[in-house]
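The values are calculated or read from the model by the stated rules, or taken from the named source; none is laboratory data. Because the structure is a prediction, the values reported are computed rather than measured. Cβ atoms come from the backbone with ideal geometry, glycine included; neighbour counts cover every protein chain shown. Just the protein is used for accessible areas: all its heavy atoms, side chains included, with ligands, DNA and RNA removed. Shrake-Rupley method; radii C 1.70, N 1.55, O 1.52, S 1.80 Å.
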Amino acid sequence: MSWTAARKAKTSDTVYAEKAELGVVLRSSEPKGVAEEAAFAYEDIESVMSASASLVRPTRRLTPLGVVKG
């Protein structure tokens, strides 16, 4: 999903509220851009990995503890 489409799909306030319900602390110096980085804006990792099966061989599944975007 493009950044513009993500911003139109959900407001930053909605994304903040959804994350808070999940117990996720979300901080941003640019609150208007939060929606473009939300999980809904990205493709499902399972479908991406399936489509890339001839190119990659997954060896581990990681769970992010934090994300820093500069």
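Using a 1.4 Å probe and ignoring any ligands, DNA or RNA, find the accessible area of Val68 and quote it in Å² to the nearest 10.
140
Where does the longest stretch of the chain lie that holds no trypsin sites (Lys or Arg not before Pro) found in a DSSP loop with 11 or fewer other Cβ atoms within 10 Å?
Details: sites that count: Arg27, Arg60, Arg61, Lys69.
Longest stretch, sites excluded: 28-59.
Please list, in order along the range 25-31, the HN-Hα scalar couplings obtained from phi with the Karplus expression 6.51 cos²θ - 1.76 cosθ + 1.60 (θ = phi - 60°), rounded to whole Hz, x for Gly and Pro.
Once rounded to whole Hz, the list reads 8, 10, 10, 8, 7, 10, x.
Cα atoms only: what Rg and Dmax, in Å, come out for the chain?
14.3, 40
Counting only residues 5 or more places away or on other chains, whose amide H sits under 5 Å from the amide H of Lys10 once H atoms are built in the peptide plane?
none
Relative to the longest principal axis of the chain, what angle (0 to 90°, nearest 10) does the C-alpha long axis of helix 12-21 take?
Approximately 70 degrees, to the nearest ten.
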